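Before any comments, here is the structure.
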Amino acid sequence: MLPGKRIILGVTGGIAAYKAVSLLRLLQKEGAEIRVTMTPAASRFVGVETFAALSKHEVAVRIFPEKDSPDAWTRHISWGEWADLFIIAPCTSNTLAKIAHGLSDNMLTSTVLAARCPLLICPTMDGKMYQAPATQNNLEQIRSFNYQVLEPEEGYLASGLEGKGRLPEIEVILQKAREILSAEVTGPLNGKKVLVTAGPTREHLDPVRFISNPSTGKMGFAMAEAARNMGADVTLIHGPVQLDQPPDVEAIEIESTEELFEQVRGLADADVIIMTAAVSDFTPKQYHSQKIKKETSRSTIELRKTPDILGWLGEHKRQGQTLIGFAMETENLVENARRKWQEKNLDWIAANTLTDKNAGFASDNNTVHLIGKDSEKQISGTKKEVAAKILGVIFGS
């Protein structure tokens, strides 16, 4: 649930501070925007420049920074309002005590007091320090504030001793962040089942040759993520692509149009169906189980039509279901899209053209003409932005 999420990463002065670099990168890979605040002691373990370069934001350390800026004296307030989640990893016993008692002598602790978002604290220290009565009292106090505490792990500590005090693996922290943010998610698709198709299909002539198209699946994956961000339970059916699977989305991989049709029919009871897949309209009449040799092959290939999946969905559309189609045209974009919208019994169709330099296969950007019963709108931006805008128009978010 992290794409588009805004997260403050707080780093304090413990030996585990170096692991915060990996945590930052993993959060970014999930699609989150990260800002970093460090205690002065943390900068002795990892340089401020490292976090600034990776986060692409100035790192906040001191309440009175050396470089003056317009928001220097109110940054803790603006950051506290900006964030969806505040993670402190690692959190030393010193910072833990300050948070428990409301002290604010650096930018990190000041931002804690100003934050309006959930706070996830990952206490990390030597085992005896963690078990100390004062630390346990501070943890109890922090939990009473409804802050989230991720218990440290047992293991070999920096002191050379064995005990409870290690920073949890970054994947564990990431999963906890997902859980917190998913609990916060509300949107017009909460509780709805959404089916998305994406990418190309392949129609094989023999084991090594096939008919296909250049679709990368980027638009479909963006639609799946946008639906998930609106609270939907999303299933993504996709052809062969070179993309990372979106987190918290059930993914089903297919290859041919027949395989896609079979999967779609089994999931056609979804509340919303978004058909972005670039489906092959034709498939070879004959499949050769062995590679076709040049010397013995003919120069023609006989083809037959593949199933009209979008047409089938339009014919079997149930009451209250929303069916969204995609179309790519090389001419007469709006006219052809309107005809397809009507013939396939769609609720909406998003059409784009290969002649637009900011759209089409493999591009990270897109421009679509969105057509519905009482609405037409042109939408441009990155494919993720376009996906969010399309669903915003359709579902009013």
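A few notes on this one:
- Count - residues of the stretch 241-266 that are loosely packed, with under 15 Cβ neighbours inside 10 Å, modelled with pLDDT of 95 or more and not in a helix (DSSP H, G or I): 1
- In the set ALA232, ALA251, ALA222, only one residue is out of contact with any Phe, Trp or Tyr (no Cβ under 9 Å at 6 or more places or on another chain) and within 22 Å of ASN365 (Cβ to Cβ); that residue is ALA222.
- Looking across the stretch 317-373 at every residue that is without any contact (Cβ under 8 Å) to a residue 60 or more places away in the chain and among the β-branched types (Val, Ile, Thr), the one that is nearest to ILE274 (Cα to Cα) is identified as ILE349.
- Breaking point among (1) on the phi < 0 side of the Ramachandran plot; (2) touching a Leu at 6+ places or on another chain (Cβ under 9 Å), for TYR156: (2)
- Applying the criterion of at least 1 residues that are under 27 Å from the mean Cα position of the chain (by Cα) to the strands (runs of 3 or more DSSP E) found wholly in the stretch 95-172 leaves 119-123.
- Considering the stretch 267-307, the qualifying strands (runs of 3 or more DSSP E), each wholly inside and each with 1 or more residues that are among the basic types (Lys, Arg), run over 303-305.
Residue by residue, here is whether (1) modelled with pLDDT of 90 or more; (2) more than 19 Å from ASN213 (Cα to Cα); (3) in the same structural domain as LEU310 (by TED's automatic domain parsing); (4) out of contact with any strand residue (DSSP E or B) (no Cβ under 7 Å at 6 or more places or on another chain) holds:
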position: ALA337; (1), (2), (3), (4): yes, yes, yes, no
position: LYS344; (1), (2), (3), (4): yes, yes, yes, no
position: ASP347; (1), (2), (3), (4): yes, yes, yes, no
position: ALA351; (1), (2), (3), (4): yes, no, yes, no
position: SER375; (1), (2), (3), (4): no, yes, yes, yes
position: THR382; (1), (2), (3), (4): no, yes, yes, no
position: LYS389; (1), (2), (3), (4): yes, yes, yes, no
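- So GLN290, is it free of Cβ contacts under 8 Å to residues at least 12 places away in the same chain and more than 23 Å from GLY392 (Cβ to Cβ): no
- All positions within the stretch 3-19 that are outside any strand (DSSP E or B) and either touching a helix residue (DSSP H, G or I) at 6+ places or on another chain (Cβ under 7 Å) or at pLDDT 95 or above (or both): PRO3, GLY4, LYS5, THR12, GLY13, ALA17, LYS19
The values are calculated or read from the model by the stated rules, or taken from the named source; none is laboratory data. Just so we're clear, the structure is a prediction, and the values are computed from it rather than from any experiment. Please note: Cβ atoms are built from the backbone with ideal geometry, for glycine as well, and neighbour counts cover all protein chains shown.
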